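Novice: Mind having a look at this structure? Questions to follow.
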Amino acid sequence: MKNIFREPAEPFTFFSYSDFLILIIINLILYLLLKKQLLKLTRINKIMIGIFFLIIVPLLSTQIELYNVHYKFEIVDSFNLLYVIFKFPFWWLIGIINIYLIKIIVKKYI
């Protein structure tokens, strides 16, 4: 049986199944925290969410991707992994969109 979370991403898609799982889990947790009003948007929390999306999540995503590539292929060239660098701007864009959506949800519903 094939494990879809061990498959590396295609170089032109940048995202693998594990990235989508990370994104779904993060958004679900943020939504539940906002719905239960456990997350107050103070300056410290905004900075922590920003650091989370700007540094921690892209590093985690690239580490998973590098592990998956080395797991699947015997010979790995650094040129073949060049697309991993572009995961950072994608996650930054997703983080900016999430912060914007959090602001909208907080203003509208809470």
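The values are calculated or read from the model by the stated rules, or taken from the named source; none is laboratory data. Predicted model, so just to flag it, every value in this text is computed and none were measured. Cβ sites come from the backbone with ideal geometry, for glycine too, and all protein chains shown count toward neighbours. Note: areas computed on protein heavy atoms with side chains; ligands, DNA, RNA excluded. Shrake-Rupley method; radii C 1.70, N 1.55, O 1.52, S 1.80 Å.
Novice: Is it the case, given these coordinates, that residue 69 is under 26 Å from residue 14 (Cβ atoms) and open to solvent by less than 40 Å² (accessible area, probe 1.4 Å)? Walk me through how you get there before you give the answer.
Specialist: On the way: under 26 Å from residue 14 (Cβ atoms): yes; open to solvent by less than 40 Å² (accessible area, probe 1.4 Å): yes.
So residue 69 passes the test.
Novice: Ok, one more. Taking the range 56-76 on its own, how many of its residues are of a type in the set (D, E, K, R), within 14 Å of residue 16 (Cβ to Cβ) and more than 20 Å from the chain's Cα centre (by Cα)?
Specialist: 1
Novice: I would also like to ask the following. So which residues in the range 1-15 are loosely packed, with under 15 Cβ neighbours inside 10 Å and either touching a strand residue (DSSP E or B) at 6+ places or on another chain (Cβ under 6 Å) or of a type in the set (Phe, Trp, Tyr) (or both), if there are any at all?
Specialist: Correct list: 5, 12.
Novice: Right, here's the next one. Name every residue in the range 54-66 that is within 16 Å of residue 7 (Cβ to Cβ), buried (at least 16 other Cβ atoms within 10 Å of the Cβ) and of a type outside the set (D, E, K, R), in order of residue number.
Specialist: Of everything in the range 54-66, those that are within 16 Å of residue 7 (Cβ to Cβ), buried (at least 16 other Cβ atoms within 10 Å of the Cβ) and of a type outside the set (D, E, K, R) turn out to be 61, 62, 64.
Novice: Can you tell me which residue is modelled with the lowest pLDDT among those in the range 3-15 that are part of a loop (DSSP other than H, G, I, E, B) and under 10 Å from residue 68 (Cα atoms)?
Specialist: It comes out as 9.
Novice: Can you tell me how many residues in the range 50-104 are at pLDDT below 80 and in contact with a Lys or Arg (Cβ under 7 Å, 6 or more places away or on another chain)?
Specialist: 0
Novice: Looking at the range 74-81, can you tell me whether even one residue there is in contact with a helix residue (DSSP H, G or I) (Cβ under 8 Å, 6 or more places away or on another chain), under 25 Å from residue 101 (Cα atoms) and open to solvent by 70 Å² or more (accessible area, probe 1.4 Å)?
Specialist: So far as the range 74-81 goes, no, none of its residues is in contact with a helix residue (DSSP H, G or I) (Cβ under 8 Å, 6 or more places away or on another chain), under 25 Å from residue 101 (Cα atoms) and open to solvent by 70 Å² or more (accessible area, probe 1.4 Å).
Novice: If you don't mind, there's one more thing I want to ask. Tell me which residues, restricted to the range 82-95, are open to solvent by 90 Å² or more (accessible area, probe 1.4 Å) and free of Cβ contacts under 8 Å to residues at least 40 places away in the same chain.
Specialist: 85, 92, 93
Novice: Working only within the range 16-53, note down all residues that are open to solvent by 60 Å² or more (accessible area, probe 1.4 Å) and outside any helix (DSSP H, G or I).
Specialist: Passing the criteria: 36, 37, 38, 40, 42.
Novice: Turning to a different aspect of this structure: Just checking, how many residues over the range 96-110 are open to solvent by 90 Å² or more (accessible area, probe 1.4 Å) and under 17 Å from residue 22 (Cα atoms)?
Specialist: Going through the range 96-110, the residues open to solvent by 90 Å² or more (accessible area, probe 1.4 Å) turn out to be 96, 100, 103, 107-109.
Okay, now just the ones that are also under 17 Å from residue 22 (Cα atoms), so 96.
Selection size over the range 96-110: 1.
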